[in-house]
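Structure record follows, encoded as structure tokens.
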Amino acid sequence: MQYVRDNIAQMGGYISGEQSQTGDFIKLNTNENPYPASERVREAIAKAAHTLNLYPNAMGTPFRKAAAEVLGVDPSWIMCGNGSDDILTIVTRALVGEQNKLRLPYPSYILYKSLAELQGAQWEEVDYSSDWKITDAFSRPDDNVKLFFLPNPNSPTGTTVLPDDLLALADKLSCPLLIDEAYADFNEFNCLELVKQRPNIMVSRTFSKSYALAGLRFGFLVARPELIEQFVKVKDSYNCDALSIAAASAAIQDQDWLRQTVAKIKATRAHLTDKMRALGFTVPDSHANFTWNVFPNAGTLHKDLYSYLKQNGYLVRHMDYPGYGDGLRISVGTDEDTDRCLALVERYLNDVGRRSAGA
Ligand SMILES: Cc1ncc(COP(=O)(O)O)c(C=O)c1O
């Protein structure tokens, strides 16, 4: 395409998980929360709907103040985004120029690579150890690496690395480390305190998962004010609308709702993990709201099982990472939906799966 920059014409573009709003499918493929958001969110949106004739607060400061109280950081350390993907885009645009490199673990969130491609920049994937820990490759010296994205917990595996290991990693890097905490509310710990401890550590969060607001599009970054000041130059002036600012402010103030919902999801996650293991899958301990399921010597089993589940009304995510392999990522649903999905997996394995796995 003659009018378009070469790097855009040559890139494939990020492909997100299948979305279906028709209710024809039970969605266990994009790590949404199966429960409705806090009641306070709906009330806040109804109230904010009366002020839509006015532009929103450009920095989302009502949210920054509410979040600052809950998280124990100053509002000047917070920048709001239209989903955390917006945050990742803003940070990449500000830090990674053409010819520079973005570093990311492999396998992890596929969007990071697309963000480097948009910049006309390079990217470098570094492998986890076999037990999903940081390896020496993560801290390999390279002055051309300008940003490191590290999801913790990781997607698609749900595995986590310890804050001390991330601190040690940041100390060896000559660039900022952005810890993508999209799933941190499902973990036993998070890395927010590290932002105060090291100038090159930042943390991003989203309301799409634990707060059950994927349709709202709201996320935020916690970083030093000197960095935030620079990132603000890059973002759209009004990157978050008035409804999402009001809704996210109400959501973060309802920590009781969050605790209860996360507890339910963790209990279902334990059940999903146990059952998938009993069915013969290898499933790393998940610290997120999904599990990563790999059948030994699977052949085409993952892909076939994905299709079988889809035919039966259940969407899960079949992910194939060249050089690493494929597997199925299954989001934690309600107890009922999770059990129905598990029953389908069991039926499939009993009926046909073992044949396509060559077992
Ligand atoms: C690791 C990770 N980071 C960020 C996101 C983006 O979330 P948001 O909906 O806030 O853009 C996702 C979404 O699936 C994710 O898996």
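Each value in this text was obtained by applying a stated rule to the coordinates, not by laboratory testing. Note that this is a predicted model, so its numbers are computed, not measured. Ideal geometry is used to build each Cβ from the backbone, glycine not excepted, and the neighbour counts take in all protein chains shown.
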Starting from a Cα-only point model with no solvent, please compute log10 I(q)/I(0) by Debye for segment 205-359 at q = 0.19 1/Å. -1.12
From DSSP H assignment alone, runs of 4+ in the chain each adding -39500 (n - 2.57), the sum over residues rounded to the nearest 500 puts [θ] at 222 nm at -11500 deg cm²/dmol
Neighbour-count ranking for His50, His318, His287 (other C-beta within 10 angstrom, fewest to most) reads His50, His318, His287
Taking only the alpha-carbon atoms of segment 120-235, the convex hull volume per residue, in cubic angstrom, is 132 Å³
So what is the relative contact order of the chain, in percent, for Cα pairs below 8 Å that sit 6 or more residues apart? 23 percent
Could you rank the peptides 265-272, 111-118, 154-161 by their average count of other C-beta atoms within 10 Å per residue, with the highest value first? 154-161, 111-118, 265-272
Length added when fully stretched, Lys133-Gln255, from 0.36 nm per residue minus Cα-Cα: 40.9 nm
For a label point 7 angstrom out from the Cα of Leu162 toward its Cβ, which stretches of segment 123-147 have the backbone nitrogen within less than 20 Å? 128-139
Tell me, in nm to one decimal, what length is gained between Tyr106 and Gln19 on full extension, where the rule is 0.36 nm per residue of separation less the Cα-Cα distance? 28.9 nm
Could you tell me what percent of the DSSP beta bridges with both partners in segment 39-254 are antiparallel, to the nearest 5? 30 percent
Can you tell me the order of 64-73, 125-134 when each peptide is scored by its average per-residue count of other Cβ atoms within 10 angstrom, highest first? 64-73, 125-134
Mean projected area in nm² (Cα convex hull; one quarter of hull surface) for the chain: 19.0 nm²
Treat each spin label as a single point 7 Å out from the Cα along the C-beta direction, and report the Glu226 to Tyr324 distance in nm. 3.4 nm
I'd like to compare 22-33, 52-63: which one has the highest average count of other Cβ atoms within 10 Å, and what's the full order after that? 22-33, 52-63
In the structure shown, of Lys113/Lys303; Lys27/Lys235; Lys172/Lys235; Lys209/Lys266; Lys146/Lys233, the pairs separated by more than 20 angstrom at the C-alpha atoms are Lys113/Lys303; Lys27/Lys235; Lys172/Lys235
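Work out how much length Gln122 to Gln10 would gain on full extension: take 0.36 nm times their residue separation and subtract the Cα-Cα distance, in nm to one decimal. All intermediate terms of the calculation are to be shown ahead of the outcome.
Numbers: separation 112, 0.36 × 112 = 40.32 nm, distance 1.33 nm.
Result for the pair: 39.0 nm of gain on full extension.
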